[in-house]
1. Kindly list, by first and then second residue, each pair from a residue in segment 122-136 that is acidic (Asp, Glu) to a residue that is modelled with pLDDT under 85 and assigned to a strand (DSSP E or B), limited to pairs with Cβ atoms under 9 Å and residues at least 6 apart or on different chains.
2. For segment 105-166, which strands (runs of 3 or more DSSP E) that fit wholly inside it have 3 or more residues that are of a type in the set (Val, Ile, Thr) and out of contact with any His (no Cβ under 8 Å at 6 or more places or on another chain)?
3. May I ask you to list the residues in segment 14-54 that are surrounded by fewer than 15 Cβ atoms within 10 Å (Cβ to Cβ) and either in a strand (DSSP E or B) or of a type outside the set (Asp, Glu) (or both)?
4. Keeping to segment 142-179, report how many residues are out of contact with any Ser or Thr (no Cβ under 8 Å at 6 or more places or on another chain), surrounded by 11 or more Cβ atoms within 10 Å (Cβ to Cβ) and of a type outside the set (Val, Ile, Thr).
5. Going by the structure shown, is LEU182 farther than 14 Å from PHE113 by Cβ, of a type outside the set (Asp, Glu) and open to solvent by less than 10 Å² (accessible area, probe 1.4 Å)?
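The values are calculated or read from the model by the stated rules, or taken from the named source; none is laboratory data. Here the structure is a predicted model, which is why all the values come from computation and not from measurement. In this analysis, Cβ positions are derived from the backbone assuming ideal geometry, glycine residues included, and neighbour counts consider all displayed protein chains. Only protein heavy atoms, including side chains, enter the accessible area calculation; ligands, DNA and RNA are left aside. Shrake-Rupley method; radii C 1.70, N 1.55, O 1.52, S 1.80 Å.
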Amino acid sequence: MATVQVSEAEKVYILHGIRDDLRVDGRGCEDYRHMEIETDVVSNTDGSAKVTLGHTAVLVGIKAEIGKPRPLVPNEGYLEFFVDCSANATPEFEGRGGEELGTELSNTLYKVFNNKHSVDLKSLCICPGEHCWVLYVDVLLLQCDGNLYDAISVAIKAALFNTKIPRVHISTDEEGGKEIELSDDPYDCMRLNVENVPCIVTLCKVGHRHVVDATLQEKACSVASLIISVTHKGTVTCTRKVGGGSLDPESIFEMTEAGKRVGKALHAPLMKVLQQEEHLGKKKQKVGFLG
């Protein structure tokens, strides 16, 4: 992951600010940076979204293809994740520098999203044991300025909300075989219920306190981080500790409670923005290079 060098004087300045609930950029310990969300930004996908969190930028595209269900769950579809760490995001990703981080992110996203508590996988089943929808979720890191997990999770939820899966019609031929026909009508499609899709909240332990949405400078002062995926009801679906330092039980409890509180508060405004953009349709103004 992208890192920056921080002097001892800067560390003391950051630590003392966080101790007093006043970070370098003026935020409180549980505040996010300014976030921008755009959906339907990639034309050749079934759903897409671009999220900018501070100077961290993430693009997610989702492609739905018909595949075969997994033997253990013949009546469910599934999601596949691929994370591409662009060398444009940071020089550290040049060559094969971003492969390890991409694999780590993909594995975490698989645990968070590819389960029946997050996405209604049964709605992706076409014919039990024979055919199902497989959602290929491609994540591209465009710019890296800390807090990748949170930005990616918001982008995935927005892209799933934007995903339109063609309606399937199954017919039987004279020999009893099944034929699958996909609807050509772009309005005759299936939408996913993303209400239970969790958002990831990353809390970094800095000194004796913890912060949400840490910048690269704050991350350099952190001993360890706790990644928590939280639903709109405040239910924790997955937790993971990252970083070389240790966390005592009291800190883990405090960080978990803070993560539940912040994550629950994140869902309502996110869904409101997504629904507002959906209602705009073709009237929505394209910005930047998308204009």
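1. Here the result reads GLU130/LYS178, each pair linking segment 122-136 to a residue that is modelled with pLDDT under 85 and assigned to a strand (DSSP E or B).
2. Output list reads 131-143.
3. Scanning segment 14-54 gives HIS16, ARG19, LEU22, VAL24, GLY26, GLY28, HIS34, GLU36, SER43, ASN44.
4. 4
5. No: the conditions fail for LEU182.
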